[in-house]
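A short worksheet on the structure shown next.
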Amino acid sequence: MHAHQHDDVLIIGGGHNGLVCAAYLAGAGLKVRVLERRHIVGGAAVTEEFHPGFRNSVASYTVSLLNPAVIHDLRLHQHGLRVVERPYANFLPLPDGRCFRLGGEHTHSEVAKWSARDAQRLPAYYAMLDRIVVVLRELMRRTPPNVSDRFVLADWIASASAAKQLKSLDMRARRDLLDLFTKSAGELLDSWFEGEPLKAVLGWDSVVGNFASPYTPGSAYVLLHHLFGEVNGKVGAWGHAIGGMGAITQAMRKECEARGVAIETDAEVARLIIENENAVGVVLADGRELRASTIASNLNPKLLYTKLVEPGQLDDDTAQRISRYRCGSGTFRMNVALSELPDFIAMPGTHLQPHHQSGILIGPSLKYFEQAYFDAKSKAHSAGWARKPIVEVVISSTLDDTLSPQGQHVASLFCQQVNPEVDGGWDAHRDTVAKLMIDTVNEYAPNFARSVLAYEALSPLDLERRIGLVGGDIFHGALGLDQMFSARPLLGQGNYRGAFKGLYLCGSGSHPGGGVTGLPGRNAAREILRDLGRKPRPD
């Protein structure tokens with residue numbers, strides 16, 4: 001078997017974090033090679049044609065969490081990235097024909113329609129979150145202290161640094177932080193507000209990619225996790241990348257190539273090469289053997305350790321804990337080609353209106369969200385999906401005319417809740433559930449079903465097969481207290497250093513978790529460069 005040994009670093013997986021990591025490493029003078037299983041880099045952040053003339057962001061579909069430092073350092077704007085904002089955040093059509101809008105100039109008056117008290121309290125709620133987010137946003141850029149059985153000075157310094165950040169919060173903010181990490185989103189929102197539409201729109205972030213009820217303890221953190229971002233300098237805003245999410249990763253690819261990174265597509269890694277407890281290379285599915293002193297994995301840690309590492313190479317405790325690493329988002333993803341825009345009962349008309357450019361949420365209350373989860377989890381009424389699912393509709397073509405033919409549109413449907421494992425298997429039920437999602441939107445916009453020209457439906461199994469999202473998990477592992485910060489993915493590997501010497505973790509299964517942030521890749525690159533004694537390093 002021929003062994004290629006001309007690279008300093010091999011990166012497994014060309015998703016956005018793998019590209020970010022590669023760019024920083026190459027910027028320090030290392031020879032880096034990215035190995036991507038699919039024909040295109042980008043992982044979940046890709047734009048592909050799913051019906052002739054119709055392109056869309058295949059999985060990830062909206063922009064906010066991408067870190068400004070990554071945008072700047074990788075010169076993404078110079079490589080063509082352009083992000084536009086929504087006119088307002090969310091449009092919520094209601095079963096009684098009314099609607100609710102959140103964001104922009106309408107917010108106070110819209111909230112006051114349901115509760116004058118809520119309208120008065122909403123600024124204080126946002127201020128509470130802002131005080132915490134500004135501190136946690138900084139912690140996201142830092143390496144967590146590693147919890148190991150050895151004294152390591154760097155870990156003690158990291159612990160002190162994290163404590164210093166948290167110490168900047170006053171006592172009230174510390175109590176709020178404890179609430180956000182331990183309580184449910186439902187409990188938190190019920191303590192602040194009384195209007196169901198407002199709580200539904202705010203609570204949606206707690207179940208996005210989270211197979212749980214909004215009343216599950218810890219779901220408040222998932223809500224918080226979605227608030228770390230910004231668009232064009234506006235904190236907490238959401239936007240659209242012109243050309244779809246693939247525009248982000250193609251810009252990253254350009255910067256990688258400008259720095260000399262070698263990128264191979266259709267290059268599936270079949271196995272890690274472990275010698276004397278050191279990761280020294282990989283074997284590809286085509287039989288090639290590539291070696292390097294440093295290996296960085298952008299894969300879900302469960303996929304890495306159960307598929308690429310041979311049985312017996314991990315110690316028993318690590319192997320058992322990885323087998324219990326929780327994955328599964330409860331997400332069903334659709335890309336839909338439309339002949340016309342939805343004609344909502346609550347906001348009539350198929351001509352372009354601001355609500356068509358917002359995040360359109362089907363799901364009127366937290367109780368509705370909770371029942372959707374109970375249905376999917378219990379399988380009491382189906383093989384494993386909600387009778388009344390939650391659907392967010394984002395019609396990307398209303399902000400970006402490059403995605404569909406003139407006069408027609410493309411929509412992303414991000415749907416919750418479905419069980420990652422359904423009775424009879426997802427191949428048997430995919431189209432049944434796809435029709436349910438379309439019919440759910442149709443209840444609020446009666447022209448929707450007949451306007452569907454074609455669709456692509458991705459079940460949790462499809463997301464795993466196509467993109468490597470184990471159990472369809474968009475975060476590469478559930479965002480629970482037991483799988484966060486120093487414990488992501490496991491205690492002892494929270495500082496981006498994997499189970500073997502020379503192996504690093506640079507994907508969303510490491511701190512700070514999922515979303516198109518680029519931070520796991522950036523942070524991992526810093527630690528690799530520190531170990532290799534190379535500069536410049538990301539701060």
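A compact table of results
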{"item": "Options Val207, Val201: the member that is touching a helix residue (DSSP H, G or I) at 6+ places or on another chain (Cβ under 7 Å), crowded, with 23+ Cβ neighbours inside 10 Å and closer than 30 Å to Phe374 by Cα", "result": "Val207"}
{"item": "Some residue of segment 430-448 being open to solvent by 10 Å² or more (accessible area, probe 1.4 Å), free of Cβ contacts under 8 Å to residues at least 60 places away in the same chain, of a type outside the set (A, V, I, L, M, F, W, C) and touching a helix residue (DSSP H, G or I) at 6+ places or on another chain (Cβ under 6 Å)", "result": "yes"}
{"item": "Segment 418-467 - residue that is more than 23 Å from the chain's Cα centre (by Cα), assigned to a strand (DSSP E or B) and not β-branched (Val, Ile, Thr) and, of those, farthest from Ile40 (Cα to Cα)", "result": "Leu453"}
{"item": "Among (1) open to solvent by less than 30 Å² (accessible area, probe 1.4 Å); (2) farther than 21 Å from Phe91 by Cβ, the one test that Tyr215 misses", "result": "(1)"}
{"item": "Residues located in segment 384-401, provided they are in a strand (DSSP E or B) and of a type in the set (D, E, K, R)", "result": "Arg387, Lys388, Glu392"}
{"item": "Residue within segment 291-299 that is free of Cβ contacts under 8 Å to residues at least 12 places away in the same chain and open to solvent by 10 Å² or more (accessible area, probe 1.4 Å) present", "result": "no"}
{"item": "Single residue of segment 350-370 satisfying the filter (touching a strand residue (DSSP E or B) at 6+ places or on another chain (Cβ under 7 Å) and assigned to a helix (DSSP H, G or I)) that is nearest to Ala89 (Cα to Cα)", "result": "His355"}
{"item": "Filtered residue count, segment 468-497, keeping only those that are surrounded by 24 or more Cβ atoms within 10 Å (Cβ to Cβ) and either more than 29 Å from Phe181 (Cβ to Cβ) or of a type in the set (Gly, Ala, Ser) (or both)", "result": "3"}
{"item": "Any hit, segment 80-92, residues being of a type outside the set (Phe, Trp, Tyr), closer than 23 Å to Phe369 by Cβ and in a strand (DSSP E or B)", "result": "yes"}
{"item": "Conditions (1) more than 30 Å from Gly502 (Cβ to Cβ); (2) assigned to a loop (DSSP other than H, G, I, E, B); (3) not β-branched (Val, Ile, Thr): number failed by Asp266", "result": "(1)"}
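The values are calculated or read from the model by the stated rules, or taken from the named source; none is laboratory data. Everything numeric in this text was worked out from a predicted model, so none of it was measured. When we count neighbours, we look across all protein chains shown, and the Cβ atoms used for this are built from the backbone with ideal geometry, even at glycine. For the accessible areas, the whole protein counts, side chains as well, though only heavy atoms, and no ligand, DNA or RNA atoms are used. Shrake-Rupley method; radii C 1.70, N 1.55, O 1.52, S 1.80 Å.
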